[in-house]
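Student: Below is one structure. I have some questions about it.
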Amino acid sequence: PAAGILATVLAYDDTGGATLRSAPHSGYQRLEAGGTLVLVETGPPPPSELSTRAHAGCLSFEFSSRRQRIVVNCGAPPPGRPEWRAVARRTAAHSTVVIEGTSSADILGPGWAERQIGPVIIAGPQTVPVERPDSIDGDQMMTARHDGYAARFGLLHERMIAVDASGSRVDGRDRFLPAGSGPRSGADGFTLRFHLHPQVRASTVRSGTAAILVTGDGESWTFTAPGHEITLEESVHLASAQGPRRTLQIVISGAALLVPEVAWSFVRDPASRGRRRPPVDLLKG
């Protein structure tokens, strides 16, 4: 049914299939080259009255190669799974940076106020400036930052993502900048998360300095973050029609004052492209 609805929508689409690079009003950026697609959330939360289902996922991204999803967010659970709703809305359920284990937007928790007006977002990023230079030789790049951690920790989170013209490389950089001239709180522990799709197999190599990712069709990518230890931890993918599915996430941790910048990259192994393998279900075994 979903495929039929999509086909109907596309039949009445008068844009000729053209896609937008930037959707500033809805808060998304799209980078695409050589069969590789990156979608980045770059908008502040909606007004409180419209935010009962909004997520604290500013500057999170999803990344796919051809038909294979690689980096995802945990997603929204299907109806009938209310126990997962609050978990899915937290920043930790998104492929972005978390400071001191807190979300970049405050969501009203259980209590009298929540019963009256719902689980609305009561604070979060106010400004999310985006820089999107013109493509150079087919390379795509964007830089954005948000102030969701400014009031509590005196930090701005800035993220740059670039996709090269061949689609075989995705580079990123996360920076922690001082928010104004005021003092920082001193609490600056960060966790950088990349949630993986359930059909991606992952293993760390090179003594934990890199990770090998293999998609369901056998395409291989190498993730590196020079100077940082890479770990694999359990995660959950909530957006599946079959319900929550176990998966993995790449995690990098540190202290923003000591490590104000983390550079990372995903690089495709050219020898792996085109091989076909059956999808991997990580729930088995």
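The values are calculated or read from the model by the stated rules, or taken from the named source; none is laboratory data. These numbers come from a predicted model, not from an experiment. Neighbour counts run over all protein chains shown; Cβ positions are idealised from the backbone, glycine included. All accessible areas refer to the heavy atoms of the entire protein, side chains included, with ligands and DNA or RNA removed. Shrake-Rupley method; radii C 1.70, N 1.55, O 1.52, S 1.80 Å.
Student: Would you check if P270 is out of contact with any helix residue (DSSP H, G or I) (no Cβ under 9 Å at 6 or more places or on another chain) and modelled with pLDDT under 95?
Tutor: The answer is yes for P270.
Student: Now a separate question. Among residues belonging to the range 185-213 that are touching a helix residue (DSSP H, G or I) at 6+ places or on another chain (Cβ under 9 Å) and either among the small types (G, A, S) or over 19 Å from F61 (Cα atoms) (or both), point out the one that is modelled with the lowest pLDDT.
Tutor: So, considering only residues that are touching a helix residue (DSSP H, G or I) at 6+ places or on another chain (Cβ under 9 Å) and either among the small types (G, A, S) or over 19 Å from F61 (Cα atoms) (or both), the one modelled with the lowest pLDDT is S185.
Student: Which residues, taken from the range 224-246, are open to solvent by less than 10 Å² (accessible area, probe 1.4 Å) and closer than 23 Å to V205 by Cα?
Tutor: Selection gives A225, I230.
Student: Go through the range 210-235 and give me each residue that's over 17 Å from V262 (Cα atoms), part of a strand (DSSP E or B) and hydroxyl-bearing (S, T, Y).
Tutor: S220, S235
Student: Here are some residues: Q199, Q249. Which one is of a type in the set (S, T, N, Q) and touching a Pro at 6+ places or on another chain (Cβ under 9 Å)?
Tutor: Going through Q199, Q249 in turn, the sole match is Q199.
Student: Here's another thing I want to ask about it. Of all residues in the range 45-62 being at pLDDT below 95 and in contact with a Ser or Thr (Cβ under 7 Å, 6 or more places away or on another chain), which is most open to solvent (accessible area, probe 1.4 Å)?
Tutor: P45
Student: Also, I was wondering about something else. So P198 clears everything in (1) under 17 Å from V72 (Cα atoms); (2) in contact (Cβ under 8 Å) with a residue 40 or more places away in the chain; (3) assigned to a strand (DSSP E or B); (4) not acidic (D, E) except one condition, right? Which one?
Tutor: All conditions are met except number (3).
Student: Separate question: So the check is Cβ under 6 Å with 6+ separation or different chains; which pairs have a first residue in the range 158-177 that's under 14 Å from P270 (Cα atoms) and of a type in the set (S, T, N, Q) and a second one that's modelled with pLDDT under 95 and open to solvent by 10 Å² or more (accessible area, probe 1.4 Å)?
Tutor: That search, which allows pairs on different chains as well, returns S166/G34.
Student: Another one. Within the group A92, A151, A165, which residue is modelled with pLDDT under 95 and either open to solvent by 20 Å² or more (accessible area, probe 1.4 Å) or in contact with a helix residue (DSSP H, G or I) (Cβ under 9 Å, 6 or more places away or on another chain) (or both)?
Tutor: A151
Student: Can you pull out every residue in the range 67-107 that is farther than 23 Å from G254 by Cβ, without any contact (Cβ under 8 Å) to a residue 60 or more places away in the chain and of a type outside the set (A, V, I, L, M, F, W, C)?
Tutor: Passing the criteria: P79, G80, P82, E83, R85, R89, D106.
Student: Right, here's the next one. Given the options S207, S203, name the one that is part of a helix (DSSP H, G or I), out of contact with any Phe, Trp or Tyr (no Cβ under 9 Å at 6 or more places or on another chain) and open to solvent by 10 Å² or more (accessible area, probe 1.4 Å).
Tutor: Step by step, each of S207, S203 is checked, and only S207 is part of a helix (DSSP H, G or I), out of contact with any Phe, Trp or Tyr (no Cβ under 9 Å at 6 or more places or on another chain) and open to solvent by 10 Å² or more (accessible area, probe 1.4 Å).
Student: Any idea how many residues of the range 74-87 are surrounded by fewer than 24 Cβ atoms within 10 Å (Cβ to Cβ) and either under 27 Å from T143 (Cβ atoms) or among the β-branched types (V, I, T) (or both)?
Tutor: 2
Student: Looking at the structure I just gave you, is E32 in contact with a strand residue (DSSP E or B) (Cβ under 9 Å, 6 or more places away or on another chain), within 21 Å of E131 (Cα to Cα) and crowded, with 19+ Cβ neighbours inside 10 Å?
Tutor: no
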